[in-house]
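A.B. asks: The structure is given below, and queries will be raised subsequently.
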Amino acid sequence: MKFLFLLLFLYGLLFAEKDFDIENIKSDKSKISMQEWFDDKFTLKPYRVNYLLPYGYADKAYSANVPNTVEYKNIEAEIQVSLKLKIAQDLFGFNERYYVSYTHQAFWQIYIESAPFRENLYNPEGFVVFPVNDNDSSFNLRSVKFAIAHKSNGQPDTSDVTFSANQTIGNLSRSVNYIYSTFRFQHETLISDLTLWIPFPEDEETSDNYDLMDYTGYTSLKFTYFLNEHMFTLMGRGNPSTLKGAMEATYSYPLIHNNLFIKVFSGYGESLIDYNNYITKFSIGFSFSR
C-alpha cells in the first residue's frame, strides 16, 4: 500500500498540468503577479540536485541504529531537497554573489513495516561565489567558491543511554562543522569542480565522529558532462593516507516535466550514521533540478 501511494505521488509530479486563465484580468499588475506566481518565480532556487529515488539497492542490509529493534533491508528510497537564496551581490566590486542554502537528505526504509527514516541529514551553508573569466590559460577557471557549513543527522548524544542491563546503544549523534572552497573549471561541455574542505577542530573525546576525515578525505573532484540532453557526473573523494574514500556517478535525462535520474555510489560516507561502513548502492528515480 505504501508503495502504491508513492507511485501515485510520482504520477502526479510527472503528469500534473497547470490549468488557469488570466486573460480577462483587468489589472496588468495583478496579471503579472499572478503569472509569476503560476510560473513559480520565487527567490528560492535549486542548489544541489533535488531528487526522489523510490528504489535504491545496496550490496548489503543496513544495520539498525539501535540494536535488536528493527531489521533494515538493503532496499530503500532516498529523497533530497536543496535550495539556495541570494542575499547580496557585488559588495567589494568583484561581482561576487552571496548565498545561504539548505540541503535535506533522507534515507527512507519504505519497504519494511512502519517505513522508518533510517537517517536524515541537515546541511545549512553560507557561501560566496567569485566569477573568474580565465581565457588566457589552459585551466579555464570560471569561479571560486568559499563556504562555511554544518552537517548533522539531528540526533542527540546517546553515549550513556542503556536499553538493557549494562548495554549502551552508542552515540547516535553525527555532526561536522567545516569550511570549504570549490574551484570550477570549464572545457566546452565538461565542468570540473575541485573542492578542498577542512572540519573545525574538535576534541576526540567529545566529537561525534572524530575519524570522519579518515574515510572521506579533504578533497573531492567532480566532473559534469553534457552530451545533448544527457547529463553525466562522476565524483571521487578520498584520503590517501588511509586509502579510504568513495566514488559516485549519476545520469539524468529530461522527461515530460522532470528528469530520469540514476545514481551509483560506492565507498564510505554515504550517510553520516554509516560513514565508516563501505556501501555500494544503485538508485533510480526522478530529479526535479539538475
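Here's the yes/no breakdown for (1) on the phi > 0 side of the Ramachandran plot; (2) without any contact (Cβ under 8 Å) to a residue 24 or more places away in the chain; (3) surrounded by 12 or more Cβ atoms within 10 Å (Cβ to Cβ); (4) not hydroxyl-bearing (S, T, Y):
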| position | (1), (2), (3), (4) |
| --- | --- |
| L52 | no, no, yes, yes |
| D59 | no, no, no, yes |
| E71 | no, no, yes, yes |
| I75 | no, no, yes, yes |
| E78 | no, no, yes, yes |
| V81 | no, no, yes, yes |
| Q89 | no, yes, yes, yes |
| F92 | no, yes, no, yes |
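A.B. asks: Same structure again: Of all residues in the range 41-88, which are under 18 Å from S114 (Cα atoms) and either among the acidic types (D, E) or within 11 Å of the chain's Cα centre (by Cα) (or both)?
C.D. replies: Within the range 41-88, E71, E76, E78, I79 qualify.
A.B. asks: Filter the range 69-118 down to residues that are of a type in the set (D, E) and in a loop (DSSP other than H, G, I, E, B), then give me how many there are.
C.D. replies: Adding up the residues that qualify gives 4.
A.B. asks: Residues that are out of contact with any Cys (no Cβ under 7 Å at 6 or more places or on another chain), at pLDDT 95 or above, of a type outside the set (V, I, T) and farther than 20 Å from V176 by Cβ: does the range 118-128 have at least one?
C.D. replies: no
A.B. asks: In addition: Within the range 207-214, does at least one residue satisfy the condition of being farther than 22 Å from H150 by Cα and of a type in the set (F, W, Y)?
C.D. replies: Among the residues of the range 207-214, not one is farther than 22 Å from H150 by Cα and of a type in the set (F, W, Y), which makes the answer no.
A.B. asks: Would you please name the residue that is farthest from V129 (Cα to Cα), looking only at residues in the range 62-86 that are touching a strand residue (DSSP E or B) at 6+ places or on another chain (Cβ under 9 Å) and small (G, A, S)?
C.D. replies: By that ranking, first place goes to A64.
A.B. asks: Within the range 43-64, is there a residue that is assigned to a loop (DSSP other than H, G, I, E, B), more than 24 Å from K263 (Cβ to Cβ) and at pLDDT below 70?
C.D. replies: no
A.B. asks: Kindly provide the set of residues from the range 276-290 that are in a strand (DSSP E or B), more than 27 Å from S63 (Cβ to Cβ) and hydroxyl-bearing (S, T, Y), ordered by number.
C.D. replies: S287
The values are calculated or read from the model by the stated rules, or taken from the named source; none is laboratory data. Note that this is a predicted model, so its numbers are computed, not measured. Counting neighbours? That spans all protein chains shown, and the Cβs are built from the backbone with ideal geometry, glycine included.
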